[in-house]
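The values are calculated or read from the model by the stated rules, or taken from the named source; none is laboratory data. It should be emphasised that the depicted structure is a prediction, and the values quoted were computed from it without experimental measurement. Note that each Cβ is placed from the backbone with ideal geometry, even for glycine, and that neighbours are counted across all protein chains shown. These area figures cover heavy atoms from the full protein model, side chains too; ligands, DNA and RNA do not enter into them. Shrake-Rupley method; radii C 1.70, N 1.55, O 1.52, S 1.80 Å.
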Amino acid sequence: MAITPRQKGATTARRQHAPARAKFLDRIEPFFGGKDVIGGPLLLATIAALLFTNSPLRESYERFWDTQLHFGFGRQLISHSLAEWIDHALLPLFFIIIGADVKRELVRGALSELRTAIFPMAGAIGGMLVPVFLFWLIARDSEAMTGWGTVITMDTAFGLALIGLFATRLPDGVRALFLAFAAIDDIGGLLVIAAAYSDAIYIDGLLIAAIGFAAIYLLRHLRWGASIPYVLLAIILWVGILRSGIHTTIAGVLLGFLVPVYPRLGRNDFADNVQDEIDEFQQAHRHALGEGEGADARRSEKKAQERLGYLDEMTSATHATGERVIMLLSPWISYVVLPLFALSNVRVHISPDLIADSFHSTLAPAILIGLCLGKPVGFLSFSWIATRLGLARLPDNVRWPMIAAIGSLAGIGFTISLFISGLAFSDGGLQEIASLAIIVASALAGLTGYAALRVAARLSV
């Protein structure tokens with residue numbers, strides 16, 4: 001859960017009598033509190049997974065995640081391991097947030113106007129093309145080449161947490177630009193998953209998914225308010241994508257794109273509709289207080305409750321559905337989905353043999369250079385070229401050192417990079433090398449990004 005207002009108030013009070021402790025809490029809050037998907041629980045789960053997979057409990061630990069879980073209906077039987085069910089059933093929830101974030105940026109955010117969108121768009125394109133090119137230069141003509149998609153994407157949670165450490169010293173445009181960059185980057189990653197890492201496609205599954213998608217779209221057009229039909233149709237869409245052979249993360253993205261980004265009721269309409277109801281509530285409430293315990297008091301209390309119900313519904317209608325969905329899912333994604341993904345997928349048996357194999361393979365250096373060098377160079381160079389050509393401009397109050405810091409943070413691939421490596425390699429040895437390289441590259445990119453943010457924050461003062 002995010003840090004509550006009461007906890008924030010307590011933290012403020014501690015600054016007066018325990019400044020060292022308060023400073024420490026300020027440092028860890030971006031990793032464990034906030035309305036966005038956060039990286040703290042994911043980091044702890046990754047450390048735990050590395051400890052388990054390099055301990056005497058390794059075989060039991062991995063056997064647990066490989067336990068088969070069966071679901072059957074009549075003669076139809078679906079069987080996957082616990083780790084695969086986490087990938088298929090839980091990880092799409094994360095991609096719902098990604099889809100909703102991307103749509104919000106496209107409709108209302110930094111990507112809603114062409115000129116403001118070109119800067120992060122150019123940077124994101126460079127941040128995908130340059131890493132893949134460097135990966136190809138190093139790993140071409142080897143079996144490692146199938147893992148080129150691991151250097152496409154960035155990890156939003158860790159990047160936002162690091163930016164949060166400097167929230168009071170950097171302009172808001174840095175965070176907005178990072179989210180815009182991440183949104184385009186995520187689109188590229190999703191296209192790669194759908195096009196390069198999906199198995200044979202079955203038409204009947206696509207038809208089922210299309211029916212679910214169309215039904216949700218129709219309910220949205222009809223302004224249907226009840227949530228249960230949407231949940232049931234979302235399950236139908238998920239089942240169709242699962243049956244089609246396309247990875248179910250695509251179902252999450254489609255659902256995210258279906259989520260409205262505008263509220264059902266604008267603020268002007270809200271103001272026009274609620275004043276009379278507020279007056280009636282106040283009148284009924286006063287009557288209920290002044291009329292004792294009789295029938296008149298009960299009628300006034302009932303009327304007051306009806307007015308409260310009306311005001312509650314109207315207030316809820318002013319909140320964009322997309323924002324409500326993100327707020328609802330973010331704690332579950334942060335504290336359940338992503339930690340379970342790390343616990344079940346991070347299986348790196350660190351040993352002298354693995355380290356030696358990594359040094360002698362083309363896969364590890366391709367990932368390291370692709371993420372740590374390709375991401376920042378691609379983002380910085382392409383955005384600079386777009387600016388020099390007059391196609392884009394720096395956002396207000398944002399300077400080039402801040403852009404360099406964002407590019408460095410983009411090298412934190414982690415979650416989606418690990419996910420793509422699992423899709424890319426059936427060979428356990430190559431997958432271990434890829435996982436180790438992704439973890440090392442993400443750590444290096446995180447340290448570099450933190451240092452770059454410190455410099456950028458100092459220069460912005």
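Below are the figures for this structure:
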| item | result |
| --- | --- |
| Unit charges at the beta carbon, dipole of the chain: most positive-side option, 237, 326, 76 | 326 |
| Relative contact order (%) - the stretch 346-432, alpha-carbon pairs under 8 angstrom, separation at least six | 38 percent |
| Whether the stretch 327-435 is rounded, prolate or oblate, judged on the alpha carbon gyration tensor where a/c under 1.5 counts as rounded | oblate |
| Gap separating the Cα centres of the stretch 181-203 and the stretch 297-365, nearest whole Å | 21 Å |
| Tilt relative to the chain, helix 5-17 - C-alpha long axis, 0 to 90 degrees, to 10 | 70 degrees |
| Solvent-accessible ranking of 197, 230, largest area first, probe 1.4 Å | 230, 197 |
| Contact order relative to length of the chain, as percent, for alpha carbon pairs under 8 angstrom and 6 or more apart | 27 percent |
| 0 to 90° range, to nearest 10: angle between helix 203-221 axis and the chain longest Cα axis | 30 degrees |
| Residue-normalised accessible area of the chain, given per residue in Å² at a 1.4 Å probe | 51 Å² |
| Principal axis dimensions, largest first and in whole angstrom, of the stretch 59-198 by Cα | 55, 38, 31 |
| Projected area, mean over directions - the stretch 197-355, Cα convex hull, nm² | 16.0 nm² |
| Local net charge near residue 397, Cβ-Cβ under 15 Å (Lys/Arg +1, Asp/Glu -1) | +2 |
| Rounded to the nearest 20 debye, dipole of the chain from Cβ charges on Lys, Arg, Asp, Glu | 1220 debye |
| Dipole in debye (nearest 20) - the stretch 267-316, about Cα centre, beta carbon charges: Lys, Arg +1; Asp, Glu -1 | 160 debye |
| Relative contact order, percent, the stretch 219-355 [alpha-carbon distance under 8 Å, six or more residues apart] | 24 percent |
| Accessible surface ranking that places the most exposed of 53, 362 first, with a 1.4 angstrom probe | 362, 53 |
| Per residue Cα convex hull volume in Å³ - calculated over the stretch 403-461 | 58 Å³ |
| Charge dipole (the chain, unit charges on Cβ, about Cα centre) - positive-most of 49, 60, 378 | 378 |
| Size of charge dipole - the stretch 220-312 - debye, nearest 20, with Cβ of Lys, Arg +1 and Asp, Glu -1, no other charges | 660 debye |
| Computed [θ] at 222 nm, helices only, for the chain once each DSSP H run of length n ≥ 4 contributes -39500 (n - 2.57) | -23000 deg cm²/dmol |
| Ranked by how many other beta carbons lie within 10 Å on average, peptides 389-400, 317-328, 268-279, 434-445 from highest | 434-445, 317-328, 389-400, 268-279 |
| Ranking by accessible area, most exposed first, for 313, 432 with a 1.4 Å probe | 313, 432 |
| Charge dipole of the chain about the Cα centre (unit charges at C-beta), most positive-ward option of 152, 407, 40 | 407 |
| Share of carbon and sulfur in the accessible heavy-atom surface of the chain [1.4 Å probe, %] | 64 percent |
| Rh (Kirkwood; distinct C-alpha pairs) - the chain, Å | 24.3 Å |
| The stretch 267-316: equivalent-ellipsoid semi-axes (sqrt of 5 x gyration tensor eigenvalues, Cα, Å) | 25, 10, 6 |
| Principal-axis tilt of helix 114-139 within the chain, Cα atoms, nearest 10 degrees | 30 degrees |
